[in-house]
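The values are calculated or read from the model by the stated rules, or taken from the named source; none is laboratory data. From a predicted model like this one, the values you see are computed outputs, not experimental measurements. As a convention, Cβ positions derive from the backbone with ideal geometry for all residues, glycine included, and neighbour counts pool all protein chains shown.
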Amino acid sequence: MLDIKLIREKTDFVRARLALRGAGDEKLIEQILQADEQRRTILTEAESLKSQRNRVSKEIGALMGQKKNEEAEAKKKETRDLGDKIAGLDKLVNKADAERDALMLRLPNLPHESVPPGKTAEDNPEVRVHGEKINFSFKPKSHVELCDSLKLVDFARAAKLSGSGFLLYTNWGARLERALIQFLLDLHITEHGYTEVSPPLMVGEQCLVGVGQFPKFKDQYYGVAEGDDAKNLGKLYLIPTAETPVANIHREEILAEKQLPIRYCAYTPCFRGEAGAAGVGTRGMIRVHQFDKVELIKIVKPENGYDELEKMVLNAEKVLQLLGLHYRVIMLCTGDMGFGSAKTYDIEVWAPGQGSYLEVSSCSNCEDFQSRRMNLRFKAESGENKFPHILNGSGTALARLFVALIETHQQADGSVNIPAPLQPYLKTNCISI
RNA sequence: GGAAGGGUGGCUGAGUGGUUAAAGGCACCUGACUCGAAAUCAGGAGUAGGGGCAACCCUACCGUGGGUUCAAAUCCCACCCCUUCCGCCA
């Protein structure tokens, strides 16, 4: 959520930054200002009436204390209809309030000044590249072929269980997935200074609102129902990413300045409806309804937000470096960024069997956009309450990492070599038939 | 799911209709005393919204939402959460 004061005072600036996203959100500004103006007008009126009522009520109390009942009754009569007027105005204030907030919650974050203007993924500049595309002396297989031949994933039976877009990892596939999770967690905890947390996989609506997934993208997520009572449907949602519960851990709190920075790392499965997305239903692991991810979350002082973002990207890159994978880092242009982000880097890993790069990490600084929504603050040394920057980054997504790993390290004989840093976790240096 | 108890400020804990933003204690900040500290004494300090150039003023907030009343932390209703016991259960 943007600061209403910023919208009021620097309206043109806000409009211009929003326009850079190319989604037409700046058109909401006029309505927001209107609702805000209306709210304040009514509020002032209601509050002055309340002030009057409070004053008279105290007088009545004092008169009754002195047994001057007649005078008290007279005063009561005087203020009787004040209450009705106040109730009426309060309703209007609430309405204007709700109207303003509903609009505010649909407004995306402003892009940071360092983000290049652009419309689509075509306009995303490449920031840096690590390694290069691997040359095979044989025709590399796709991950689907490798999973079949090495029996790492049973696509057909996964579909039998849950429909398309789900994976059944088997034997070495399951072990590789588990080894990767453990490897990633250990790396971030011991080398990068994150604290591991393991959050609930179902959360209430307020958490989705807090990080900006609701209300605008409600159709993307799985709601669950307890028992067979339809009334319970939608009280809880399956998390689309660990960001949802973890970024909300301190919602509505006022942290001490010395508690910052907070750095959390969490492994969770992620559940996504992927409504309307191309690719679900095709065979493979690139886009699925459920995948594993190790997520990084930081809550930091505003002045450190962008330094911490750079570090976070390096933390995610380290994963790919250690696994011997070729990747590139790109910066998302204004038109391609997520709803809550002010600046985002994506990391794309090379998958030779696909002949394409796969997004395995997206690291964003949402600045105070989320902390405002969840009313998370910290008390600065000055005594002032401030909104911290909240950052999130994948460190990394697993299914696609799995794909890149087996496609990159496949051998002519159909086996897959395991990179040295992963061997202690998988307890083998090669997966073969 | 059943029963009982409970949700008040950073923490603890009083408060059952009228100067209660809310006693007392702890913690915190400032000052005095001290070489310094402790102890003691004096004072300060919640969050949010609105108004004002400002000193400042107003409003709301005692789990949440309604209701009764001139007036609600206090009375009524619904809901949520926590604790303990029982049941069920990985």
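Could you please find all residues in region A:99-120 being aliphatic (A, V, I, L, M) and either within 11 Å of RNA strand B (Cβ to nearest atom) or not in a helix (DSSP H, G or I) (or both)?
The answer is A:Leu107, A:Leu110, A:Val115.
Could you tell me which numbered condition A:Met64 fails, if it satisfies all but one of (1) within 8 Å of RNA strand B (Cβ to nearest atom); (2) at pLDDT below 85; (3) under 30 Å from A:Ala35 (Cα atoms)?
Here A:Met64 meets the rest and fails (3).
Here is a check on your reading of the model: is A:Lys75 near RNA strand B (Cβ under 9 Å from one of its atoms) and surrounded by 12 or more Cβ atoms within 10 Å (Cβ to Cβ)?
Yes.
For region A:179-190, indicate whether the set of residues that are among the small types (Gly, Ala, Ser) and on the phi > 0 side of the Ramachandran plot is non-empty.
No - not one qualifying residue is present in region A:179-190.
Suppose we filter region A:374-408 for residues that are crowded, with 21+ Cβ neighbours inside 10 Å and assigned to a loop (DSSP other than H, G, I, E, B); how many remain?
Qualifying residue count for the region: 3.
Starting from residues that are surrounded by fewer than 16 Cβ atoms within 10 Å (Cβ to Cβ) and of a type in the set (D, E, K, R), keep the ones in region A:4-26 and report whichever is farthest from RNA strand B (Cβ to nearest atom).
So the residue we want is A:Asp12.
With the condition kept exactly as written, say whether any residue in region A:154-162 is in contact with a helix residue (DSSP H, G or I) (Cβ under 8 Å, 6 or more places away or on another chain), surrounded by 15 or more Cβ atoms within 10 Å (Cβ to Cβ), in the same structural domain as A:Ala397 (by TED's automatic domain parsing) and more than 20 Å from A:Ile299 (Cα to Cα).
yes
I need the full set of residues from region A:217-229 which are surrounded by 14 or more Cβ atoms within 10 Å (Cβ to Cβ) and not in a helix (DSSP H, G or I), in order please.
A:Phe217, A:Tyr221, A:Tyr222, A:Gly223, A:Val224
If you take the residues in region A:27-49 that are near RNA strand B (Cβ under 8 Å from one of its atoms) and buried (at least 16 other Cβ atoms within 10 Å of the Cβ), which one is farthest from A:Gly88 (Cα to Cα)?
A:Asp36
Taking the conditions exactly as written (within 16 Å of RNA strand B (Cβ to nearest atom), hydroxyl-bearing (Ser, Thr, Tyr) and farther than 14 Å from A:Ile299 by Cα), does A:Ser394 satisfy them or not?
No.
Among A:Leu325, A:Leu296, A:Leu314, which is the only one that is at pLDDT 95 or above and part of a helix (DSSP H, G or I)?
A:Leu314
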